[in-house]
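Chemist: Provided herewith is a single structure, encoded as structure tokens, for subsequent inquiry.
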Amino acid sequence: FSSCYDFGPLGVEMKNNIKKAWWSEMVRKRENIVGLDSSILMSPEVWKASGHLTAGFADELVECKKCHHRFRKDFLNLPAGKNKCPDCGGKLTEAKKFNLMIKTFIGPVENEAAVAYLRPETCQGIYVNFKNVLNSMRLKIPFGIAQIGKAFRNEITPRNFIFRTREFEQMEMQW
């Protein structure tokens, strides 16, 4: 559970103030941007269509056989032929594809028909709801849809305080 954080009384006040200020500037003060709150769980077909279930949304992971630290292969900058752990000098495993989405199951049975993913970003909900917003709000193109919401990433090397967390909040607007 590395890189999962709770925000205390002052932290949550700061977060709420930032969200309120962003929403006010982005949505309330503009006539051509509307808000949305889409679900954290979406059909796997959405993630398939957007390319998130392909190798493009996966990083290559190597692990040290001695100290078991994990590293993104593209962050190591190892000289050709060198396959040593930067922490302890142990041998690194072959690279494996590491999907950045967090997999879960919907319903009581854990089978392929019940597979779902926690959203890795908020924009897919905006894209999926575009036509509904267009029709229900009677907006003329161009317009924007804004959303603040939780997103989840299966980080290989969670660190750097709130910059590489597994659960985070995004503020996003798609025009």
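The values are calculated or read from the model by the stated rules, or taken from the named source; none is laboratory data. Just so we're clear, the structure is a prediction, and the values are computed from it rather than from any experiment. Here Cβ is always computed from backbone atoms with ideal geometry, including for glycine, and neighbour counts include all displayed protein chains. Ligands, DNA and RNA are stripped out before the accessible areas are found, and what is left, the full protein with its side chains, is counted by its heavy atoms. Shrake-Rupley method; radii C 1.70, N 1.55, O 1.52, S 1.80 Å.
Chemist: Has the stretch 125-144 got at least one residue that is assigned to a loop (DSSP other than H, G, I, E, B), surrounded by 17 or more Cβ atoms within 10 Å (Cβ to Cβ) and either aliphatic (A, V, I, L, M) or modelled with pLDDT under 90 (or both)?
Modeler: No, there is no match, as no residue in the stretch 125-144 is assigned to a loop (DSSP other than H, G, I, E, B), surrounded by 17 or more Cβ atoms within 10 Å (Cβ to Cβ) and either aliphatic (A, V, I, L, M) or modelled with pLDDT under 90 (or both).
Chemist: While we're here: Would you pick out the residues in the stretch 107-124 that are assigned to a strand (DSSP E or B) and under 15 Å from residue 49 (Cα atoms)? Talk me through it step by step, then tell me what you get.
Modeler: Just the residues of the stretch 107-124 that are assigned to a strand (DSSP E or B), to begin with: 115-118.
Passing the criteria: 116, 117.
Chemist: Still on this structure, please answer the following. If I filter the stretch 73-81 for residues that are in contact with a strand residue (DSSP E or B) (Cβ under 6 Å, 6 or more places away or on another chain) and either at pLDDT 90 or above or of a type outside the set (A, V, I, L, M, F, W, C) (or both), do I get at least one hit?
Modeler: Yes, that holds for at least one residue.
Chemist: At least 3 residues that are open to solvent by 40 Å² or more (accessible area, probe 1.4 Å) and more than 21 Å from residue 167 (Cα to Cα) in each: list the helices (runs of 4 or more DSSP H) lying fully within the stretch 1-106 that qualify. Even if it seems obvious, please write down each step before you answer.
Modeler: Numbers: elements: 9-23, 44-49, 73-76.
Here the list reads 44-49, 73-76.
Chemist: Does residue 109 qualify as being of a type outside the set (Ser, Thr, Tyr), at pLDDT 85 or above and touching a Phe, Trp or Tyr at 6+ places or on another chain (Cβ under 9 Å)? Walk me through how you get there before you give the answer.
Modeler: Details: of a type outside the set (Ser, Thr, Tyr): yes; at pLDDT 85 or above: yes; touching a Phe, Trp or Tyr at 6+ places or on another chain (Cβ under 9 Å): no.
Judged against the criteria, residue 109 is not a match.
Chemist: Another question about this same structure. Give the residues of the stretch 30-65 that are at pLDDT below 95 and farther than 17 Å from residue 121 by Cβ, sorted by residue number.
Modeler: 30, 31, 32, 55, 60, 61, 62, 63, 64, 65, listed by residue number.
Chemist: Considering 34, 27, which residue is of a type outside the set (D, E, K, R), touching a helix residue (DSSP H, G or I) at 6+ places or on another chain (Cβ under 7 Å) and within 27 Å of residue 129 (Cβ to Cβ)?
Modeler: Going through 34, 27 in turn, just one is of a type outside the set (D, E, K, R), touching a helix residue (DSSP H, G or I) at 6+ places or on another chain (Cβ under 7 Å) and within 27 Å of residue 129 (Cβ to Cβ): 34.
Chemist: Scan the stretch 153-175 and tell me whether some residue there is at pLDDT 85 or above, surrounded by 13 or more Cβ atoms within 10 Å (Cβ to Cβ) and either over 19 Å from the mean Cα position of the chain (by Cα) or part of a loop (DSSP other than H, G, I, E, B) (or both). So that I can check it myself, show each step before the final result.
Modeler: Going through the stretch 153-175, the residues at pLDDT 85 or above turn out to be 169-175.
Among the residues that remain, those that are also surrounded by 13 or more Cβ atoms within 10 Å (Cβ to Cβ) are: 169-174.
Narrowing further to those that are either over 19 Å from the mean Cα position of the chain (by Cα) or part of a loop (DSSP other than H, G, I, E, B) (or both): none.
Checked the stretch 153-175: no residue is at pLDDT 85 or above, surrounded by 13 or more Cβ atoms within 10 Å (Cβ to Cβ) and either over 19 Å from the mean Cα position of the chain (by Cα) or part of a loop (DSSP other than H, G, I, E, B) (or both).
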